[in-house]
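Participant: First the structure, which I've put down as structure tokens, then a few questions once you've had a look.
The values are calculated or read from the model by the stated rules, or taken from the named source; none is laboratory data. Computed from a predicted structure; not experimentally measured. Positions of Cβ are backbone-derived with ideal geometry, glycine not excepted, and every protein chain shown enters the neighbour counts.
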Amino acid sequence: MRVAVFFLTCAALQAQHLSNIRQLTSGGQNAEAYWSPDGRKLVFQSTREKLGCDQIFVMNADGSDQRMVSTGKGRTTCGYFLPDSKHIVYASTHEGGEACPPAADRSKGYVWAVYPSYDIFVTDESGRQHKKLTDAVGYDAEATVNFKTKRIVYTSMASGDLELWTMKIDGSGKKQITSGKGYDGGAVYSRDGKKVVWRANHPEPGPKMQRYVDLLKESLTEPMKMELMVANADGSNAKKLTDFGCASFAPTFTPDGKKILFASNKHNCDGRKFELFLINVDGSGVEQVTDFGGFASFPEFSPDGKTLVFASDKGAKSRYEFNIFVADWK
């Protein structure tokens, strides 16, 4: 009886917002799927088949016609459509070498690599045109686009620290919009282009800050203590949204701009189980959306606001399998 009640509770929790869940990919590691402005396609990153590390793929909104659009060289991350629905911005290390760069040194703990060979490129849907948008020394990645204002927000080491920058879709007009010591990244705009939300790790002065600095010298950073921040699009009036002491990331505004949907392990800060949560833009009213019992992250609403795309290990057949799902949103 207790088991039955548990499953009913989980189903009821998800039914408040999600229905008709459909799986679009099958096998491999698939993540960070984002919509084209016309809602007809998704761009995502995937390690599959003979690929040694992530490359950028596109597919139709129903999961059909999956094809690679990055070079197939180096490692890539964070693909996002431009406003014309025909071009894609993404980050890649391919100019630093054709092979996958070495994985992060986990003897340092659970760390992410922030490869200095990452730069941001634009390609068309055929994958034949690859224009470079950044050339600063060090890491340039994590780009997303506002379709209305036609600006890109991304993370860069151009200032010597991991800060948020913005630029026009042709790579011009670069501006730094954060300056606090520590990691700032994974940013997205609100639909009207007036706000930006992102994940941040700003350690306190002392040993924690020194560890951040020491890891960054080795092109590493720790992802398990991230809080959400929100600000005006120019970085002004920045406010901390969460204070869970956990890993909260992959935020996205709801279509009306009043709430933010994000992933967090807030129920177990040292655990690898992440669910989706909603929070008001003032930091109040935290509401759990999913209860899959595994990993759910990288949510984004379709242009018409009716469908949510996300990545999850729901129903995975192997330990490191992650797939792209869509669900009706209510």
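Participant: Would you point out which residue out of G235, G206, G193 is at positive phi and buried (at least 18 other Cβ atoms within 10 Å of the Cβ)?
Facilitator: Just one listed residue meets the conditions, G235.
Participant: Checking the condition touching a Lys or Arg at 6+ places or on another chain (Cβ under 9 Å) and not small (G, A, S), which residue from L220, L216 passes? Write out each step before concluding.
Facilitator: Details: L216 fails: touching a Lys or Arg at 6+ places or on another chain (Cβ under 9 Å).
Result of the check over L220, L216: L220.
Participant: Here's another thing I want to ask about it. Identify, please: which residue in the stretch 262-318 is of a type in the set (K, R) and farther than 20 Å from K330 by Cβ and is, among those, surrounded by the most Cβ atoms within 10 Å (Cβ to Cβ)?
Facilitator: K266
Participant: Run down G180, G173, G185 and say which single residue is touching a Phe, Trp or Tyr at 6+ places or on another chain (Cβ under 9 Å), of a type in the set (G, A, S) and outside any helix (DSSP H, G or I).
Facilitator: Answer to the selection: G185.
Participant: What tally of residues in the stretch 246-258 results from selecting those that are part of a strand (DSSP E or B) and under 15 Å from P299 (Cβ atoms)?
Facilitator: The first filter runs over the stretch 246-258 and keeps only residues part of a strand (DSSP E or B), leaving 247-253.
The next check asks that each one be under 15 Å from P299 (Cβ atoms); those that pass are 248-253.
The total comes to 6.
Participant: Pick from the stretch 45-93 the residues that are charged (D, E, K, R) and surrounded by fewer than 16 Cβ atoms within 10 Å (Cβ to Cβ): which of them is nearest to I169 (Cα to Cα)?
Facilitator: For the stretch 45-93, the residue satisfying everything is D84.
Participant: In addition: Which of (1) modelled with pLDDT of 95 or more; (2) buried (at least 16 other Cβ atoms within 10 Å of the Cβ); (3) of a type outside the set (V, I, T); (4) more than 14 Å from the chain's Cα centre (by Cα) is the odd one out, the single condition S248 does not satisfy?
Facilitator: For S248, the exception is condition (4).
Participant: On to the next question. For the stretch 45-70, what are the residues that are among the acidic types (D, E) and either farther than 14 Å from A31 by Cβ or free of Cβ contacts under 8 Å to residues at least 12 places away in the same chain (or both)?
Facilitator: E49, D62, D65
Participant: Every residue in the stretch 249-284 that is farther than 19 Å from A238 by Cα, small (G, A, S) and without any contact (Cβ under 8 Å) to a residue 12 or more places away in the chain, please.
Facilitator: G271 - this is the single residue of the stretch 249-284 that is farther than 19 Å from A238 by Cα, small (G, A, S) and without any contact (Cβ under 8 Å) to a residue 12 or more places away in the chain.
Participant: Okay, moving on. Residues that are touching a Ser or Thr at 6+ places or on another chain (Cβ under 7 Å), under 30 Å from D256 (Cβ atoms) and at pLDDT 95 or above: does the stretch 202-213 have at least one?
Facilitator: Among the residues of the stretch 202-213, not one is touching a Ser or Thr at 6+ places or on another chain (Cβ under 7 Å), under 30 Å from D256 (Cβ atoms) and at pLDDT 95 or above, which makes the answer no.
Participant: Out of the stretch 264-292, which residues are acidic (D, E) and assigned to a loop (DSSP other than H, G, I, E, B)?
Facilitator: D270, D282, D291
Participant: Further question on the same structure: Do you know which residues across the stretch 150-170 are farther than 15 Å from Y183 by Cβ and without any contact (Cβ under 8 Å) to a residue 40 or more places away in the chain?
Facilitator: If the condition is that a residue be farther than 15 Å from Y183 by Cβ and without any contact (Cβ under 8 Å) to a residue 40 or more places away in the chain, then M167, K168, D170 are the ones that fit.
Participant: Among (1) over 15 Å from the mean Cα position of the chain (by Cα); (2) assigned to a strand (DSSP E or B); (3) within 15 Å of L18 (Cα to Cα), which single condition is L261 missing?
Facilitator: Condition not satisfied by L261: (1).
Participant: Here is a further query. Give me a count of the residues in the stretch 92-105 that are in contact (Cβ under 8 Å) with a residue 60 or more places away in the chain and within 17 Å of N30 (Cα to Cα).
Facilitator: Of the residues in that region, 0 qualify.
Participant: Follow-up question, since we're still on this one. Exactly one condition in (1) over 27 Å from W112 (Cα atoms); (2) within 17 Å of the chain's Cα centre (by Cα) is not met by I324; state its number.
Facilitator: (1)
Participant: Continuing with this model, one more query. What tally of residues in the stretch 285-330 results from selecting those that are touching an Asp or Glu at 6+ places or on another chain (Cβ under 6 Å), free of Cβ contacts under 8 Å to residues at least 60 places away in the same chain and under 12 Å from L261 (Cα atoms)?
Facilitator: 1
Participant: How many residues does the stretch 148-170 hold that are within 19 Å of P83 (Cβ to Cβ), in a loop (DSSP other than H, G, I, E, B) and touching a Lys or Arg at 6+ places or on another chain (Cβ under 8 Å)?
Facilitator: Result for the stretch 148-170: 3.
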